[in-house]
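J.: Got a structure for you, written out below as structure tokens; questions coming shortly.
The values are calculated or read from the model by the stated rules, or taken from the named source; none is laboratory data. Source: prediction; values computed, not measured. Ideal geometry is used to build each Cβ from the backbone, glycine not excepted, and the neighbour counts take in all protein chains shown. For the accessible areas, the whole protein counts, side chains as well, though only heavy atoms, and no ligand, DNA or RNA atoms are used. Shrake-Rupley method; radii C 1.70, N 1.55, O 1.52, S 1.80 Å.
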Amino acid sequence: MKTANGFQIIEMFEQFSPKQYAMEGDPIGLHVGQLNKPVTKVMIALDVLEEVVDEAIECGVELIIAHHPLIYRPLKKIDTTVAGGRIIEKLIKHDITVYTAHTNLDVAKGGVNDLLADALQLQDTEVLIPTHETALKKLVVYVPKADEQKIREALGKAGAGAVGNYSYCSFSGEGTGRFLPGEGSEPAIGSLGKLEAVAEVRVETIFPENIEKKVLSAMIKAHPYEEVAYDIYKLENKGESLGLGKIGVLAEEMSLEQFSEHVKQTLDVDKVRVVGDLHSPIKKVAVLGGDGNKYFTTAKFKGADVYVTGDMYYHTAHDAMMIGLNIVDPGHNVEKVMKKGVARILKEMCHERNFDVEFIPSEINTDPFRFI
């Protein structure tokens, strides 16, 4: 097993949740500390409160990856007599780095809204509010015929060749590769100073641009040549649509009352606020983590019977009632689903790279609200 540093952990994370997915002005990225250090234990947190920092200290964590930004606005002072200042003081004293992924993690495939939709057991899901379309690129690589299958498998495992519900998609054409090994080279095939002709295969595949480094690394590692011949082309083809929220259908229709209980159980909350007739039939569901007030009309336009989101305003609830849209508000804190989800994804990514890193979800309940 290899030791990873903070830069390597965040590079992996940003392949999954790139910064360019974030909404304009969102304060994401490094908030406190440094990434140029070994990292053996990472905590995934929804919020960075003082109790969460104490938990990280007790667990020996070097890096916290949080969903909600610790620093929303520029700091004017750090007063260590209050909780906000003590948080930063403790982080610095214990050399704990804080990195934040907010709306980019909402948008990312496998991010907050996908995790919420999966928890609610929605089927045939699509993006509720498209904000980003993944750019596609084509990779063309030339490889000896005997190594063709090895290259295909490496590219497919790295995520290249995904088209809709298909994976490992590629195309081949046979030809002859020619090269003259020069001084200082160590050719896998051929001899120094002798022009060589090799039966080669041209392998073509596509990939989303955010995994380019991963795909190229896998290709070069699997290729027998010390100098790999390859081309990359930017495509006009439309990539996967990404954005805020998801909309999908339930396996079986429920009443609004039954669905509200379903939300409580699947999202692990004690209470929900409900707008609408409890006998209303629910089949199509829109969900958006956090504050989704701005998008309730989109949910209605796309045919949702109910909209699951947090922080619903009083007058927005009236507006939803008037257009016949049911609302279930489980609170902002249901985004806690990201803690276990992100920990699982990063654990798998580290396993692929043979990194010895432990990922632990924070166990602290950061919901400020209590029902009495």
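J.: Among bridges DSSP assigns within the chain, what percent are antiparallel (round to 5)?
T.: Counting only bridges with both partners in the chain, antiparallel ones make up about 70 percent.
J.: Of K246/K336; K246/K271; K213/K234; K137/K214; K264/K302, which pairs sit farther than 20 Å apart, going by alpha carbon to alpha carbon?
T.: K246/K271; K264/K302
J.: What spacing in nm lies between the two simple spin-label points modelled at S172 and E253, each 7 Å away from Cα in the Cβ direction?
T.: Spacing of the two 7 Å Cα→Cβ label points: 5.2 nm.
J.: Which entry in [x] 65, 41, 39; [y] 80, 42, 42; [z] 83, 51, 32 matches Cα extents along the principal axes in Å derived from the coordinates of this structure?
T.: [z]
J.: How do 3-14, 72-83 rank on mean C-beta neighbours within 10 Å, highest first?
T.: Details: 3-14: 18.3, 72-83: 9.4.
Descending packing order for the listed peptides: 3-14, 72-83.
J.: Arrange the peptides 177-190, 242-255 so that the one whose residues have, on average, the most other Cβ atoms within 10 Å appears first.
T.: 242-255, 177-190
J.: What does the helix-only formula give at 222 nm for the chain: each DSSP H stretch with n ≥ 4 adding -39500 (n - 2.57), the total divided by the residues, and the result rounded to the nearest 500 deg cm²/dmol?
T.: Working: 11 runs with 109 residues, N = 372.
Computed mean residue ellipticity for the chain: -8500 deg cm²/dmol.
J.: Computed over the Cα atoms of the stretch 91-232, what is the convex hull's projected area averaged over all directions, in nm²?
T.: 13.6
J.: Considering the Cα positions of the stretch 127-186, please state its Rg to one decimal place and its Dmax as a whole number of Å.
T.: 16.9, 58
J.: Give the peptides 228-235, 57-64, 330-337 in descending order of average Cβ contacts within 10 Å, highest first.
T.: The most tightly packed comes first, giving 330-337, 57-64, 228-235.
J.: What list of whole percents do you get for P(r) of the stretch 1-138, with Cα-Cα distances grouped in 5 Å bins up to the one holding the largest distance?
T.: With a bin width of 5 Å, the distribution comes to 2, 9, 18, 20, 17, 15, 10, 6, 3, 1, 0, 0.
J.: What angle do you read, to the nearest 10 degrees and between 0 and 90, between the alpha-carbon axis of helix 148-157 and the longest principal axis of the chain?
T.: With both axes taken from Cα atoms, the answer is about 20 degrees.
J.: Accessible area per residue of the chain at 1.4 Å probe, in Å²?
T.: 53
J.: Rg and Dmax in Å for the stretch 74-144, alpha carbons only: what are they?
T.: 20.9, 67
J.: Quick one: Debye curve from the C-alpha atoms of the stretch 274-372, no solvent, what's log10 I(q)/I(0) at q = 0.19, 0.22, 0.25 Å⁻¹?
T.: For the stretch 274-372, the Cα-only Debye profile gives -0.89, -1.05, -1.23.
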